[in-house]
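Here's the structure, in structure tokens; my notes come after.
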Amino acid sequence: MKKAILFVAFLFVGAFLLLGVADMRPFGEPQISAMDDYYLVNAQPEIAVNNVVTAVVFDYRGFDTLGEATVLFAAVVGILGLFRKRREDER
Amino acid sequence: MNNNGMSVIVRTVTRFVYALIIMFGFYVIMHGHLTPGGGFQGGAVVASAFALLLVAFGSAGLKGRINLHWLQSLEEFGALAFLALAFLGIGTAFFYNLFANSGGFLFGASVPTGSNAGVLAAGGLVPLMNWAVGLKVMTGIAAVVIIMLVGSRKEETE
């Protein structure tokens, strides 16, 4: 019974995924490309950077990198707090 | 894994290789605005060299070589440097690239449009931010790896 339910759910989700694949646009032809074209055309004149990915990450979308750095900082602080050696009178 | 680390083969290979790994990580950070990679990726490469040292030599071999407090301080310095670089262009906007195309001074060179090999001293704030984030990531991940392998053990002291 459980297996039958799982199988039906599998078929259901798989059918939805296949439907989505059939509706996908061909590779390399995005529906909206104004932003991509702006980055590709203007990254070299504006920021003088050849690596457009770095131009996006560190300049156009700098806030995103700041958030990533904050996430890493929080993870490091949390792990340091979790694994730090406790003194005897603290427990 | 005991405190003595792994076999002499691994230790010998590590002695040869870890400097190369660190050098490659710094290369990835330094050329982040020209080649694939950047601060995050290069920092992770350098941190993997620290992890290799830790695995090969054990926690005893790491004692006296790497100071955990220094790693934490450097990580916070990297984060603050990143924020300070972002605040440099606050006159126009947060994260405004102040130094790009500003002339020869401090990564201010221009780059010809189209396919070219790239100019190392270009990009304005982008290479400096790469260094800040790279410093932050390498020290942060190294501190995490070290404290998870070393600091959780009770018999170790400092």
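Give me a count of the residues in segment B:86-105 that are more than 20 Å from A:N50 (Cβ to Cβ) and either not in a loop (DSSP other than H, G, I, E, B) or not aromatic (F, W, Y) (or both).
Looking only at that region, the number is 8.
Condition check: surrounded by 18 or more Cβ atoms within 10 Å (Cβ to Cβ), more than 10 Å from the chain's Cα centre (by Cα) and more than 14 Å from every other protein chain (Cβ to nearest Cβ). Does B:I21 satisfy that?
yes
Yes or no: segment B:35-44 includes at least one residue that is touching a residue at least 12 places away in the same chain (Cβ under 8 Å), assigned to a helix (DSSP H, G or I) and surrounded by fewer than 21 Cβ atoms within 10 Å (Cβ to Cβ).
yes
For segment A:27-35, indicate whether the set of residues that are assigned to a loop (DSSP other than H, G, I, E, B), touching a helix residue (DSSP H, G or I) at 6+ places or on another chain (Cβ under 8 Å) and at negative phi is non-empty.
Scanning segment A:27-35, I find at least one residue that is assigned to a loop (DSSP other than H, G, I, E, B), touching a helix residue (DSSP H, G or I) at 6+ places or on another chain (Cβ under 8 Å) and at negative phi, so the answer is yes.
When you look at A:F16, is it among the aromatic types (F, W, Y), away from chain B (no Cβ under 14 Å) and part of a loop (DSSP other than H, G, I, E, B), yes or no?
Here the answer is no, as A:F16 does not meet what is asked.
Residues checked against (1) more than 7 Å from chain B (Cβ to nearest Cβ); (2) assigned to a helix (DSSP H, G or I):
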| site | (1), (2) |
| --- | --- |
| A:N42 | yes, yes |
| A:N50 | no, no |
| A:V53 | yes, yes |
| A:V56 | yes, yes |
| A:D59 | no, yes |
| A:F63 | no, yes |
| A:A69 | no, yes |
| A:I79 | no, yes |
| A:L82 | yes, yes |
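Being surrounded by fewer than 23 Cβ atoms within 10 Å (Cβ to Cβ), modelled with pLDDT under 90 and in a loop (DSSP other than H, G, I, E, B) narrows it down to one of B:V145, B:V119, so name that one.
So the residue among B:V145, B:V119 that is surrounded by fewer than 23 Cβ atoms within 10 Å (Cβ to Cβ), modelled with pLDDT under 90 and in a loop (DSSP other than H, G, I, E, B) is B:V119.
Please enumerate the residues belonging to segment B:74-91 that are within 11 Å of chain A (Cβ to nearest Cβ), closer than 16 Å to B:G134 by Cβ and among the small types (G, A, S).
Those that are within 11 Å of chain A (Cβ to nearest Cβ), closer than 16 Å to B:G134 by Cβ and among the small types (G, A, S): B:G78, B:A79, B:A81, B:A86.
Here is a yes/no grid of residues against (1) touching a strand residue (DSSP E or B) at 6+ places or on another chain (Cβ under 8 Å); (2) surrounded by fewer than 18 Cβ atoms within 10 Å (Cβ to Cβ); (3) small (G, A, S):
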| position | (1), (2), (3) |
| --- | --- |
| B:F77 | no, yes, no |
| B:G91 | no, yes, yes |
| B:F94 | no, yes, no |
| B:L98 | no, yes, no |
| B:V111 | yes, no, no |
| B:L128 | no, no, no |
| B:G134 | no, no, yes |
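Listed residues B:F107, B:F50, B:F57; which is touching a strand residue (DSSP E or B) at 6+ places or on another chain (Cβ under 9 Å), of a type outside the set (A, V, I, L, M) and buried (at least 18 other Cβ atoms within 10 Å of the Cβ)?
Values: B:F50 fails: touching a strand residue (DSSP E or B) at 6+ places or on another chain (Cβ under 9 Å); B:F57 fails: touching a strand residue (DSSP E or B) at 6+ places or on another chain (Cβ under 9 Å).
None of the others qualify; the one that does is B:F107.
The values are calculated or read from the model by the stated rules, or taken from the named source; none is laboratory data. Nothing here was measured: the structure is a model prediction, and the numbers come from that model. A quick note on method: Cβ atoms are made from the backbone with ideal geometry, for glycine too, and the neighbour counts reach across all protein chains shown.
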